[in-house]
Amino acid sequence: MPVRYVAVTKAEQSSPTSVVISMDYLPIFLNIKGQPCLVVGGGAVAARKVRLLLQAGGSVSVVASALCPELAALSAEKSIQHIERDFEAQDLRKQVLVIAATDELDINSRVSKLAKRQRIPVNVVDQPDLCSFITPSIIDRSPVQVAISTGGASPVLARLLRTHLEPYIPSAYGRLASLVDEFRDQVKRQFTNVTQRRYFWERVLQGSVAELLFAGREDAARKALEKAVNEADEIPEVAGEVYLVGA
């Protein structure tokens, strides 16, 4: 029987309400596929942000009087739209997300102010006080993604943490998530109760299906998962739990 330990502070023991620890930022993932995104600036830093937006499927416009070689190549192949001039307020129209990546504080501040006024999420590179969102350091095992952030305090630390964690999250986890996605609807039909589905997936993801996929036997893993779904009980056996509070 698994034992779960729950840490409870003295304040929680003496108060009926839990202590809420505030976060500087709300961690979320945005779907920007096909959505208009604006990058202000044409240098190497802007290019990094453009790559990130393109990887997420955004429709990217870059406003800058000149482009670095990488952005110029993207513009030539029509991967981005280049607005060849300095930033203007009208550039924010219909944008769902804005990134300011210039080396001029006045321009970055103006972009931030105008975007916030219009409630458009805005990121100003290396200036967290001007941001309404920040871009984390990412471990990409799509569709599995792990985002690591220090709230803008130390991007270098975030990258170091990513480097330490990456070996523990092999690319096979992305393939495993894709395999699970193939059977989600079928499992929903089999188990109408959310708790039942959760226990089913916990058993699957810690059992032979995952082991087969990690061993490179994807077809065998798919067949094993299909068999597990077809032979699953309506009400999977639920393991008991023990909670130790204040220990």
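With R₀ fixed at 22 Å, the C-beta to C-beta distance from residue 33 to residue 194 puts the FRET efficiency at about 0.20. Highest mobility in the GNM of the chain, judged by mean-square fluctuation with C-alpha springs under 10 Å and restricted to 30, 92, 105, is found for 30.
Label-to-label distance for residue 26 and residue 168 is 2.8 nm, based on points extended 7 Å past Cα in the beta-carbon direction. What the Cβ-Cβ distance of residue 70 and residue 231 gives, at R0 = 51 Å and to the nearest 0.05, is a FRET efficiency of 0.45. Note on exposure: 183, 29 ranked by accessible area (1.4 Å probe, complete protein assembly) read 29, 183, with the most exposed listed first. The lysines within cross-link reach of residue 49, meaning a Cα-to-Cα straight distance under 24 Å and a gap of 8 or more places when in the same chain, are 33, 78, 94, 113, 116. Would you mind getting me the FRET efficiency between residue 118 and residue 85? Use the beta-carbon distance for r and R0 = 22 Å, nearest 0.05. Efficiency computed from Cβ-Cβ geometry: 0.60.
The values are calculated or read from the model by the stated rules, or taken from the named source; none is laboratory data. All values reported here derive from a predicted model rather than from experimental measurement. With ideal geometry, Cβ positions are generated from the backbone for all residues, glycine too; neighbour counts draw on all protein chains shown. Note: areas computed on protein heavy atoms with side chains; ligands, DNA, RNA excluded. Shrake-Rupley method; radii C 1.70, N 1.55, O 1.52, S 1.80 Å.
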